[in-house]
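Novice: Provided herewith is a single structure, encoded as structure tokens, for subsequent inquiry.
The values are calculated or read from the model by the stated rules, or taken from the named source; none is laboratory data. Every value quoted in this text rests on a predicted model; they were computed, and no experiment measured them. Ideal geometry is used to build each Cβ from the backbone, glycine not excepted, and the neighbour counts take in all protein chains shown.
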Amino acid sequence: MNVPSLRRVVRLLLAAVAAGAAVPLAQAAATSLTTELETFQTDVRNYNVISFANSSFTNFGDTQGPLAIGGNLTLDGGTVAAQPGNFGVDGDPTLYVAGQLTLSGQTQLNSGYASTPALTGSWMWNASSKTLSDSSGSLNSTNAGTANAGNNPIDNPAPTNWNWSTETSQLTTVSNALANATANGTISVSSQNLVLTAPTNPSTGVDVFTLNANNISGNTYNGQTFSNVQINVPTGVNYVINVINAAGTTIFGSGVNVNSGTNDSQLLWNIEGSGTVTLGGGQFIGSVLAPSATINNGDSTVVSGQVVADSFNDNDAETHYQAFVVGSVVVPEPATFAWGALGLCGLALLVRRRCVS
């Protein structure tokens, strides 16, 4: 075999080896993303909302899930509930406030117990009615049904092994890692639907999309009108939507209906950067990770998922608990590695023969 022919064969074999290696490399990247998602799932525990700084819930009906607030919390009536079986005597508190608590009207704790270890001021605890109150409002735990619900929330324990600095650092790291992932899906408008198109046969377990908030104006995306958002996530796959340039914007405002799709629990909106971002669309489906941003939930919007934010404000709206779920990563077929090994062996054999001749 002459040298040009040998070089051509070598190029072909190297191309084959590279093609065989592409899936393992993609798999390694996907495994890394899956690990980040698993960290998110572990760190948020079973909390509906985690706010690192201050948070407020005004004119709200209920949260239908527990709250962990690293700063001060304002509650204006309503109900704070935990999903059955998630919280109890030995579990995390349904309502955990690391700072001060401001109450207006009566707030009902429907299950679990409250923990306000740093609370100061003119608070009174009525053990018989299980009510914490001051001159402005009260927190009643009569229906909570756990032993700790009968204690003054000031004396109740914080979540086990919970550290706010660690939570903030780890979840910020997760957000940054997801933000740096290469998008393999596209977003477009078709028949007034905002459509997310992922690879036909996803082999990574994680599909990544980038949504530029600058491209959304009212109910248009890139100048095209859309009125419906319904995201169908395949079984065993996670969709991560990295939202960029979102500060000062409303995601899915007036004229946009956000509807439940398939596997909503496997959908995560990663909102990059700081500033204030408003969720809209009547419903906002999927979990939200925004460790540096203030998230406003208003206009009667119902958020169905788990929310992590620097600050979270809920006004005339609701939050509904839906646990985030990590999909499984697809392992490459053994043949992938076999082709790579075969290519290398063939290359070595050709080189040896050339040298002998």
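Novice: Return a yes/no flag: does region 77-94 have any residue that is buried (at least 18 other Cβ atoms within 10 Å of the Cβ), of a type in the set (Asp, Glu) and in contact with a Pro (Cβ under 8 Å, 6 or more places away or on another chain).
Specialist: yes
Novice: For region 282-299, indicate whether the set of residues that are of a type in the set (Gly, Ala, Ser), closer than 23 Å to Gly78 by Cα and at pLDDT below 95 is non-empty.
Specialist: Within region 282-299 (the criterion being of a type in the set (Gly, Ala, Ser), closer than 23 Å to Gly78 by Cα and at pLDDT below 95), the answer is yes, since at least one residue qualifies.
Novice: Separate question: In region 46-71, what residues are under 12 Å from the mean Cα position of the chain (by Cα) and part of a loop (DSSP other than H, G, I, E, B)? Can you show your working first?
Specialist: Taking region 46-71 as the starting set, the residues that turn out to be under 12 Å from the mean Cα position of the chain (by Cα) are 47-50.
Result: Tyr47, Asn48.
Novice: Further, regarding this structure: What number of residues within region 194-218 satisfy the criterion of being touching a Phe, Trp or Tyr at 6+ places or on another chain (Cβ under 6 Å) and in contact (Cβ under 8 Å) with a residue 12 or more places away in the chain?
Specialist: 3
Novice: Within region 171-186, is there a residue that is exposed (fewer than 14 other Cβ atoms within 10 Å of the Cβ), of a type in the set (Ser, Thr, Tyr) and farther than 30 Å from Pro199 by Cα?
Specialist: The answer is no, given that none of the residues of region 171-186 is exposed (fewer than 14 other Cβ atoms within 10 Å of the Cβ), of a type in the set (Ser, Thr, Tyr) and farther than 30 Å from Pro199 by Cα.
Novice: Cβ contacts < 8 Å: first residue at positive phi and touching a residue at least 40 places away in the same chain (Cβ under 8 Å), restricted to region 265-285; second residue assigned to a strand (DSSP E or B) and surrounded by 19 or more Cβ atoms within 10 Å (Cβ to Cβ), any location; separation 6+ or different chain. Result?
Specialist: Short answer, once both residue conditions are applied: Gly281/Val229; Gly281/Ile251; Gly281/Val258.
Novice: Tell me which strands (runs of 3 or more DSSP E) are completely within region 108-224 and hold 2 or more residues being not assigned by TED's automatic domain parsing to the domain that holds Asn242, or say none if there are none.
Specialist: Values: elements: 124-126, 131-133, 137-140, 186-190, 193-197, 206-212.
So the answer is 124-126, 131-133, 137-140.
Novice: Moving on to the next point. Spot the failing condition for Met124; the list is (1) hydrophobic (A, V, I, L, M, F, W, C); (2) closer than 18 Å to Asp92 by Cα; (3) in contact with a Leu (Cβ under 8 Å, 6 or more places away or on another chain), and only one is missed.
Specialist: Of everything listed in (1) hydrophobic (A, V, I, L, M, F, W, C); (2) closer than 18 Å to Asp92 by Cα; (3) in contact with a Leu (Cβ under 8 Å, 6 or more places away or on another chain), Met124 misses just condition (2).
Novice: Right, here's the next one. Looking at region 238-256 only, could you name the residues that are of a type in the set (Ser, Thr, Tyr), closer than 20 Å to Phe226 by Cα and buried (at least 16 other Cβ atoms within 10 Å of the Cβ)?
Specialist: Thr249, Thr250 - these are the residues of region 238-256 that are of a type in the set (Ser, Thr, Tyr), closer than 20 Å to Phe226 by Cα and buried (at least 16 other Cβ atoms within 10 Å of the Cβ).
Novice: What residue, of Val233, Val326, Val308, is out of contact with any His (no Cβ under 7 Å at 6 or more places or on another chain) and crowded, with 23+ Cβ neighbours inside 10 Å?
Specialist: On the way: Val233 fails: crowded, with 23+ Cβ neighbours inside 10 Å; Val326 fails: crowded, with 23+ Cβ neighbours inside 10 Å.
Val308 is the lone residue from the list that is out of contact with any His (no Cβ under 7 Å at 6 or more places or on another chain) and crowded, with 23+ Cβ neighbours inside 10 Å.
Novice: Could you check Asp43 against (1) at pLDDT 95 or above; (2) closer than 21 Å to Asn161 by Cα; (3) touching a strand residue (DSSP E or B) at 6+ places or on another chain (Cβ under 7 Å) and say which number it fails?
Specialist: (3)
Novice: Can you list residue pairs whose Cβ atoms sit under 7 Å apart, with the first residue in region 150-173 being touching a residue at least 60 places away in the same chain (Cβ under 8 Å) and the second being assigned to a helix (DSSP H, G or I) and buried (at least 16 other Cβ atoms within 10 Å of the Cβ)? Count only pairs 6 or more apart in sequence or on different chains.
Specialist: Final answer for the pair search is Asn156/Asn148; Glu167/Asp43; Gln170/Thr39; Gln170/Asp43; Leu171/Phe40; Leu171/Asp43.
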